[in-house]
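Before I ask anything, here is the structure I am working with.
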Amino acid sequence: MRIYLNGKLVDKDKAVISVFDHGLLYGDGVFEGIRSYNSLVFRLKEHIDRLYRSAEAIELKIPMTKADMIKAVLETLKANGLKDAYIRLVVTRGSGDLGLDPRKCKVPTVFIITDKISLYPKEFYQNGLAIITAKTRRNLVTALNPKIKSLNYLNNILAKIDAIKAGMEEAIMLTYNDYVAECTGDNIFIISGGRLITPPADVGALEGITRDAVIGLARMMGIGFEEKMIKIEDIYAASEVFLTGTAAEIIPVTMIDKRRINDGKPGEVTKRLMEEFKKITKVNGVKYEL
Ligand code: PMP
């Protein structure tokens with residue numbers, strides 16, 4: 001496996017970074033998770049834009065242009081001969097000393113890993129996922145805004161541990177004041193009164209690229225859509241619930257906190273959106289030749 005590291009493609013064993021890297025010491029950095037389908041990178045520009053937005057939010061200057069970053073992603077995919085891949089793009093503050101001071105980190109570290117995508121089992125897509133509400137609350141927007149896709153994912157990991165302890169794969173994270181924010185690695189949508197609803201990212205959620213694609217699809221399909229603050233009770237009472245994310249794509253949720261959603265089967269709107277989403281991943285994207 002070849003890894004892109006600071007401008008070079010190196011073997012996996014040689015892809016090492018300093019123990020003084022603030023990405024490691026403090027989670028001081030940003031990242032992206034991107035996917036390619038049959039040699040087409042889905043929404044690459046949007047992912048790169050979000051990476052640079054996240055970096056800007058933490059006052060981290062990425063030492064290369066967006067165009068060069070895109071080139072680096074495509075080169076890494078080619079070097080690994082991957083048609084269908086999960087791409088992890090990471091930019092850290094770089095190597096510094098043991099203090100917090102980001103000024104000590106002179107050169108950001110940039111690396112790109114491209115790997116085979118590991119998927120949720122098919123049954124989850126056919127029968128729906130059972131999830132819980134996490135005990136762990138989402139970070140305060142005013143403390144560490146979840147819109148920033150930073151390396152500091154402990155908030156999400158703690159909620160993921162809540163899910164794992166309950167024997168589940170995902171968990172809904174509420175804000176400090178009981179609004180639904182998102183899941184540990186996915187955005188959440190409901191269908192209620194025939195309309196598609198998702199919480200505004202401003203409550204404390206990542207502005208998901210898949211979320212955005214689904215909103216676009218709903219508009220195209222004539223499904224009414226609104227961004228609205230919702231509580232967990234609205235989700236329990238919804239006619240359909242699904243999650244979106246780069247890795248998960250669109251996945252139906254049929255059980256939450258041991259309560260069955262509607263008839264306990266993936267909903268019709270969800271299934272239509274899943275079909276349409278599959279179609280756009282086949283045609284939309286930045287092409288690369290192996
Ligand atoms: N929320 C969180 C916390 C995430 O980490 C992710 C990405 N895995 C998402 C939502 C979904 O975002 P995207 O559709 O851009 O992958």
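The values are calculated or read from the model by the stated rules, or taken from the named source; none is laboratory data. Quick caveat, the model's predicted, so the values are computed rather than measured. All Cβ positions, even for glycine, are placed from backbone atoms using ideal geometry, and neighbour counts span all protein chains on display. What goes into the accessible areas is simple: the full protein's heavy atoms, side chains included, and nothing from ligands, DNA or RNA. Shrake-Rupley method; radii C 1.70, N 1.55, O 1.52, S 1.80 Å.
Residues are listed down the side, and each one gets a yes or a no for (1) free of Cβ contacts under 8 Å to residues at least 12 places away in the same chain; (2) farther than 17 Å from VAL110 by Cβ; (3) within 16 Å of the ligand (Cβ to nearest atom):
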{"site": "HIS22", "(1), (2), (3)": "no, no, no"}
{"site": "TYR26", "(1), (2), (3)": "no, yes, no"}
{"site": "GLY33", "(1), (2), (3)": "no, no, yes"}
{"site": "SER36", "(1), (2), (3)": "no, yes, yes"}
{"site": "GLU56", "(1), (2), (3)": "yes, no, no"}
{"site": "THR76", "(1), (2), (3)": "no, no, no"}
{"site": "GLY81", "(1), (2), (3)": "no, yes, no"}
{"site": "ASP97", "(1), (2), (3)": "no, yes, no"}
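For residues in region 155-179 being free of Cβ contacts under 8 Å to residues at least 40 places away in the same chain and in a loop (DSSP other than H, G, I, E, B), which is most open to solvent (accessible area, probe 1.4 Å)?
TYR176
So in region 129-154, with the set limited to residues that are of a type in the set (Lys, Arg) and open to solvent by 70 Å² or more (accessible area, probe 1.4 Å), which one is farthest from the ligand (Cβ to nearest atom)?
So in region 129-154, the residues of a type in the set (Lys, Arg) come out as 135, 137-138, 147, 149.
Subsequent filtering for residues that are open to solvent by 70 Å² or more (accessible area, probe 1.4 Å) retains 135, 137.
Working: LYS135: 17, ARG137: 14 Å.
For region 129-154, the residue satisfying everything is LYS135.
State yes or no: is GLU182 within 12 Å of the ligand (Cβ to nearest atom) and either assigned to a loop (DSSP other than H, G, I, E, B) or surrounded by 17 or more Cβ atoms within 10 Å (Cβ to Cβ) (or both)?
Numbers: within 12 Å of the ligand (Cβ to nearest atom): yes; either assigned to a loop (DSSP other than H, G, I, E, B) or surrounded by 17 or more Cβ atoms within 10 Å (Cβ to Cβ) (or both): yes.
Considered against the rule, which asks whether it is within 12 Å of the ligand (Cβ to nearest atom) and either assigned to a loop (DSSP other than H, G, I, E, B) or surrounded by 17 or more Cβ atoms within 10 Å (Cβ to Cβ) (or both), GLU182 comes out as yes.
Could I ask something else about it? If you check GLY208, GLY216, GLY222, which single one turns out to be within 16 Å of the ligand (Cβ to nearest atom), out of contact with any strand residue (DSSP E or B) (no Cβ under 9 Å at 6 or more places or on another chain) and without any contact (Cβ under 8 Å) to a residue 60 or more places away in the chain? Can you show your working first?
Details: GLY208 fails: out of contact with any strand residue (DSSP E or B) (no Cβ under 9 Å at 6 or more places or on another chain); GLY222 fails: within 16 Å of the ligand (Cβ to nearest atom).
Of GLY208, GLY216, GLY222, the one residue that is within 16 Å of the ligand (Cβ to nearest atom), out of contact with any strand residue (DSSP E or B) (no Cβ under 9 Å at 6 or more places or on another chain) and without any contact (Cβ under 8 Å) to a residue 60 or more places away in the chain is GLY216.
Let me ask another. In the list LYS106, LYS116, LYS66, which residue meets the criterion of being closer than 18 Å to LYS287 by Cα, at pLDDT 95 or above and out of contact with any Asp or Glu (no Cβ under 6 Å at 6 or more places or on another chain)? Let's see the steps before the verdict.
Working: LYS106 fails: closer than 18 Å to LYS287 by Cα; LYS116 fails: at pLDDT 95 or above.
Only one candidate qualifies: LYS66.
Could you list, in sequence order, all residues of region 242-262 that are farther than 18 Å from GLU275 by Cβ, in contact with a Ser or Thr (Cβ under 8 Å, 6 or more places away or on another chain) and more than 9 Å from the ligand (Cβ to nearest atom)?
ILE256, ASP257, ARG260, ILE261, ASN262
Which members of region 114-126 meet the condition of being touching a Leu at 6+ places or on another chain (Cβ under 8 Å) and surrounded by 19 or more Cβ atoms within 10 Å (Cβ to Cβ)?
THR114, the sole residue that qualifies.
Within region 63-73, how many residues turn out to be in contact (Cβ under 8 Å) with a residue 24 or more places away in the chain and over 20 Å from the mean Cα position of the chain (by Cα)?
3
Now for a separate question. Given the conditions (1) more than 22 Å from ASN156 (Cβ to Cβ); (2) more than 19 Å from the chain's Cα centre (by Cα), and given that LYS135 satisfies all but one, which numbered condition is not satisfied?
(1)
Could I ask something else about it? Restricting to region 216-266, name every residue that is open to solvent by less than 30 Å² (accessible area, probe 1.4 Å), assigned to a strand (DSSP E or B) and not aliphatic (A, V, I, L, M).
Hits for region 216-266 are GLU240, PHE242, THR244, GLY245, PRO252, THR254.
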